[in-house]
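Asker: Attaching a single structure in structure tokens format; questions to follow.
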Amino acid sequence: MIPQRLIQLCNERIAPYPCEGFVYGKGPLSPVLMFVGEAPGETEIHNGIPFSGRAGRYFDGFLQELGVTRSDVYVTSAVRSRPYKWGKPKGREERKYNRTPNQKEIAAHAPILDAEIELIQPSIIVPMGRTAYQRLLGKSPRMTEVTGHLIAAPVLKLENWETRSYTFTNTNYQLFPIYHPAAALYKRSLETDISAHLEKLKQYLP
Ligand code: URA
């Protein structure tokens, strides 16, 4: 549904950076929610399914709490390739680690997310974590301050790749930012807040 030439262009732009693979957004054209993550990890680039690795188990838990299935929702991310860095655990072989995408990588793939939002016109967008929040809303707040609230706001779309400048859409979207599923992996104490947020989000579903 996203033109191949657009995907090709975005992949040419990200090619100079240490990113590998490509994962398509997944879901129906009229989803009840559009989830936006950060970038796929190792598992995802091998099987092509967003949120199928460790964070995916938490993501599936989110869906369960919301009472929806993967076929009800659209799942995508700010960057569609896996940003990696090389590292060497003590006494072991050097290997690739996931890392947060940088602003150039996010801008390289921005037109794909822009096109998905334009095509799907999601009734509620759910940015998961700071990268998705910043990509869509331009600010980088403390997640504790912005998660769990429904807001109506325009979202950013890439205006100029050369200067990496974005512009806000003319229309407002409804957004409900939540923590990234991986956040609960690292900080178990967030689980209570996450559950409360999902409970609230559930009330906005059709
Ligand atoms: N994080 C994401 O943002 N997407 C995935 O598919 C996996 C982890």
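Where a number appears in this text, it was derived from the coordinates with a stated rule and is not lab data. Quick caveat: nothing in here was measured; it's all calculated off a predicted structure. Quick reminder, even Gly has a Cβ in these numbers, built from the backbone with ideal geometry, and neighbours come from all protein chains shown.
Asker: Given the options Ile120, Ile45, Phe176, identify the residue whose Cα lies farthest towards the positive end of the charge dipole of the chain (+1 on Cβ of Lys, Arg; -1 on Cβ of Asp, Glu).
Answerer: Ile45
Asker: Place the peptides 77-85, 3-11 in order of packing, highest mean first, counting for every residue the other Cβ atoms within 10 Å and averaging per peptide.
Answerer: Top to bottom by mean Cβ count within 10 Å: 77-85, 3-11.
Asker: Quick check on my link table: of Lys26/Lys202; Lys104/Lys202; Lys26/Lys139, which ones sit more than 24 Å apart, alpha carbon to alpha carbon?
Answerer: Lys104/Lys202; Lys26/Lys139
Asker: Now, a different point. Sort the following peptides by mean Cβ neighbour count (other Cβ atoms within 10 Å, averaged over residues), highest first: 182-188, 86-92.
Answerer: By packing density, highest mean first, the sequence is 182-188, 86-92.
Asker: Compute for the chain: radius of gyration divided by Kirkwood radius, i.e. Rg/Rh, restricted to C-alpha atoms, rounded to two decimals.
Answerer: Reported Rg/Rh (Cα atoms, Kirkwood Rh): 0.95.
Asker: Then there is this: Which of the lysines could a cross-linker span from Lys88 if the Cα-Cα distance has to be under 24 Å and same-chain partners fewer than 8 positions apart are dropped?
Answerer: Candidates past the 8-residue exclusion: Lys96.
Asker: On to the next question. Can you pull the percent of Cα pairs in the stretch 158-202 with separation above 12 Å?
Answerer: 72 percent
Asker: Calculate how many DSSP beta bridges within the stretch 1-102 are antiparallel, expressed in % of all such bridges and rounded to the nearest 5.
Answerer: Among the beta bridges of the stretch 1-102, antiparallel pairing accounts for roughly 60 percent.
Asker: So, one more: Of all DSSP beta bridges in the stretch 4-202, what percent run antiparallel (nearest 5)?
Answerer: About 60 percent, rounded to the nearest 5.
Asker: Which order, highest average first, do 155-166, 18-29 follow once you tally other Cβ atoms within 10 Å for each residue and take the mean per peptide?
Answerer: 18-29, 155-166
Asker: Another question, then. Where the only charges are on Cβ atoms (+1 Lys, Arg; -1 Asp, Glu), what is the dipole of the chain about its Cα centre, to the nearest 20 debye?
Answerer: So the magnitude is around 680 debye.
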